[in-house]
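Reviewing the structure listed below.
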């Protein structure tokens, strides 16, 4: 009985083994086909990538040579011409739209005497936008320059009439100090309707102001605020009705001041000038 069962088992084993070998041959036959297909897919992807890169390179080369066809200049311009700006930046545009050196353009324009600030940007596809802010002069500086709202000196010719601006003068590097003193002096004198037309600082640090009507005020180098307060008190008191007569006020005394009056045609003969000193 055992032999019969063993024979049956062997009989079943034979066909199953035959089927397994056939399946293995089919798998081995399909493997080369899949390899060829994968290789073709990679080749197609590679060819597509090359085409895309070539197109991108061609587009890049075309953009590199794209010229600037429009220049837009905006901003309130009173002392600088738009055609002057456009002519100045032409050399920086020779490389085309993408190669235009915006930093160079900005530097060239800020080198113009009346230019305070410049913003430059590209606008697709071939335009350049330039926004210009001109200097705002708030005072004359020396013989040929101006001070802007930041107390920065800028040099330019003074075409036109600028006499309505105060004149500030001093050694190099003193512009900010002089502007601060001028503004402080104006704050004290404005309620009295006294206008400061000039303020100067000499090499020794001596400060001198000129008021409207050509009255000189010698402020010296120390105790600026205290001396200005003395000047205010003087014009509120003894000089309240005699402003036009005052030629010079000297505040350089430790306590007190001196006043020199102009010679007036209506004065009694022999009384041309007089001085007032207080606090000696």
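Things worth noting here:
- Some residue of the stretch 237-249 being within 17 Å of residue 198 (Cα to Cα), assigned by TED's automatic domain parsing to the domain that holds residue 182, at pLDDT 95 or above and outside any strand (DSSP E or B): no
- Note on the stretch 162-180: residues that are in a loop (DSSP other than H, G, I, E, B) and either in contact with a strand residue (DSSP E or B) (Cβ under 8 Å, 6 or more places away or on another chain) or surrounded by 14 or more Cβ atoms within 10 Å (Cβ to Cβ) (or both) amount to 6.
- Subset of the stretch 217-236 [assigned to a strand (DSSP E or B) and touching a strand residue (DSSP E or B) at 6+ places or on another chain (Cβ under 6 Å)]: 217, 218, 219
- Among the residues of the stretch 132-161, the ones that are under 18 Å from residue 196 (Cα atoms), surrounded by fewer than 13 Cβ atoms within 10 Å (Cβ to Cβ) and either touching a residue at least 24 places away in the same chain (Cβ under 8 Å) or in the same structural domain as residue 80 (by TED's automatic domain parsing) (or both) come to 0 in all.
- Scope the stretch 93-112; condition in a helix (DSSP H, G or I), modelled with pLDDT of 90 or more, in contact with a helix residue (DSSP H, G or I) (Cβ under 9 Å, 6 or more places away or on another chain) and buried (at least 17 other Cβ atoms within 10 Å of the Cβ); matching residues: 105, 108, 109
- On the stretch given as the stretch 199-228, residues that are in contact with a helix residue (DSSP H, G or I) (Cβ under 7 Å, 6 or more places away or on another chain) and on the phi < 0 side of the Ramachandran plot total 8.
- Hey, residue 194 in contact (Cβ under 8 Å) with a residue 40 or more places away in the chain and surrounded by 17 or more Cβ atoms within 10 Å (Cβ to Cβ) or not: yes
- Top-ranked residue in the stretch 78-92 [being assigned to a loop (DSSP other than H, G, I, E, B) and in contact with a strand residue (DSSP E or B) (Cβ under 7 Å, 6 or more places away or on another chain); ranked as surrounded by the fewest Cβ atoms within 10 Å (Cβ to Cβ)]: 78
- Filtered residues of the stretch 197-221 (kept if surrounded by fewer than 16 Cβ atoms within 10 Å (Cβ to Cβ) and either under 12 Å from residue 250 (Cβ atoms) or not assigned by TED's automatic domain parsing to the domain that holds residue 242 (or both)): 206, 216
The values are calculated or read from the model by the stated rules, or taken from the named source; none is laboratory data. No experiment lies behind these values; they were computed from the predicted model shown. Counting neighbours? That spans all protein chains shown, and the Cβs are built from the backbone with ideal geometry, glycine included.
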